[in-house]
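One structure is given below, encoded as structure tokens.
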Amino acid sequence: MFNSLSEKLEAAFKNIKGQGRISELNIATTVKDIRRALVDADVNYKIAKEFTDRIKEKALGEKVLTAVSPGQLMVKIVQDELTELMGGTASEFNLNGNPAIILIAGLQGSGKTTFSGKLANYLKTQKGKSPLLVAADIYRPAAIDQLEVLGGQIGVDVYSERENKNAVSIAQNAIKEAKAKK
């Protein structure tokens with residue numbers, strides 16, 4: 001889902017990148033494409049509209065500096081608005097608990113397995129933690145294989161129970177395993 005959104009946002013910015021200056025017309029086109037990309041990514045239409053209206057308002061009020069292209073300026077405005085939409089400030093990742101438990105949930109095909117691998121690698125390399133990936137997707141056996149491959153690539157253990165069709169039981173057993181391995 002995020003890859004698709006990212007590609008659509010990049011396409012929206014292509015409209016304005018080759019322009020010599022920001023105009024109402026190229027802003028309107030870019031904002032419309034951004035709104036469409038957000039709605040396609042299941043963002044509520046009202047939120048997408050408010051978001052893109054703020055972008056349009058800021059973009060129309062901006063003077064383009066000679067060192068900054070209109071495309072770069074528009075990307076900056078959208079980034080600032082996305083940051084504000086997501087809360088405005090960075091929050092520390094809470095890793096309290098023994099073990100700390102992080103649940104990754106989302107729609108099929110939204111990138112949960114890949115994200116879990118990236119998060120585990122980050123926790124291992126940047127935070128000095130010993131993560132344990134848990135394959136609890138009982139509906140998609142290929143997800144277990146994918147997680148095991150990712151775990152192998154980054155050197156992180158993967159807990160799985162291929163025959164168990166109870167995700168809660170798998171999670172409880174994985175917590176016991178994590179405590180045993182520290």
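Just so it is clear, none of the values below were taken in a lab; they were calculated from the coordinates. Please read all numbers here as calculations on a predicted model, not as lab measurements. Here the Cβ positions follow ideal geometry from the backbone for every residue, glycine too, while neighbour counts run over all protein chains shown.
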* **Too-long pairs where the Cα-Cα distance tops 23 Å, listed order kept, from 76/112; 56/112; 76/124; 8/76** => 76/112; 56/112; 76/124
* Asked: Looking only at GluC sites (Glu not before Pro) in DSSP loops with at most 14 other Cβ atoms within 10 Å, what is the longest site-free stretch of the chain?
  -> 1-91
* Asked: Where a Cα-Cα gap under 14 Å defines reach, which aspartates and glutamates qualify for residue 127, not counting those fewer than 8 residues away within the same chain?
  -> 92
* Structure fact -> Stokes-Einstein D for the chain (4 °C, 1.567 mPa s, Kirkwood Rh from Cα pairs), in µm²/s, comes to 67
* Cα-projected label distance for residue 49 with residue 180, points at 7 Å along beta-carbon direction, nm -> 5.6
* Structure fact -> Pseudo-spin-label distance residue 83 to residue 167, built 7 Å along Cα→Cβ, given in nm, is 3.4
* Dipole-positive endmost among 115, 167, 125 within the stretch 112-181 (Cβ charges, Cα centre) -> 125
* Asked: For labels at residue 25 and residue 93 in the simple 7 Å Cα→Cβ model, what's the distance in nm?
  -> 4.7
* Theoretical ellipticity at 222 nm over the chain - DSSP helices of four or more residues, -39500 (n - 2.57) apiece, nearest 500 -> -20000 deg cm²/dmol
* Taking residue 58 as the anchor, which aspartates and glutamates have their alpha carbon closer than 15 Å to its alpha carbon, excluding any fewer than eight residues away along the same chain? -> 24, 50, 80, 81, 84
* Under 15 Å Cα to Cα from residue 118, which aspartates and glutamates show up? Leave out anything in the same chain fewer than 8 places away. => 148, 157
* In Hz, Karplus ³J(HN,Hα) per residue of the stretch 162-175 (6.51, -1.76, 1.60; θ = phi - 60°; x = Gly, Pro) -> 4, 8, 7, 10, 10, 4, 5, 4, 4, 5, 4, 5, 5, 5
* Asked: Around residue 157, which amide H atoms from residues at least 5 apart in sequence, or from another chain, sit under 5 Å from its own amide H, with H modelled in the peptide plane?
  -> 133
* Within the stretch 100-180, list the chymotrypsin sites (Phe, Trp or Tyr not before Pro) lying in a DSSP loop whose Cβ has at most 11 other Cβ atoms in a 10 Å radius. => 139
* Asked: Just for the Cα atoms in the stretch 112-181, what are the lengths along the principal axes, largest first, rounded to whole Å?
  -> 34, 26, 16
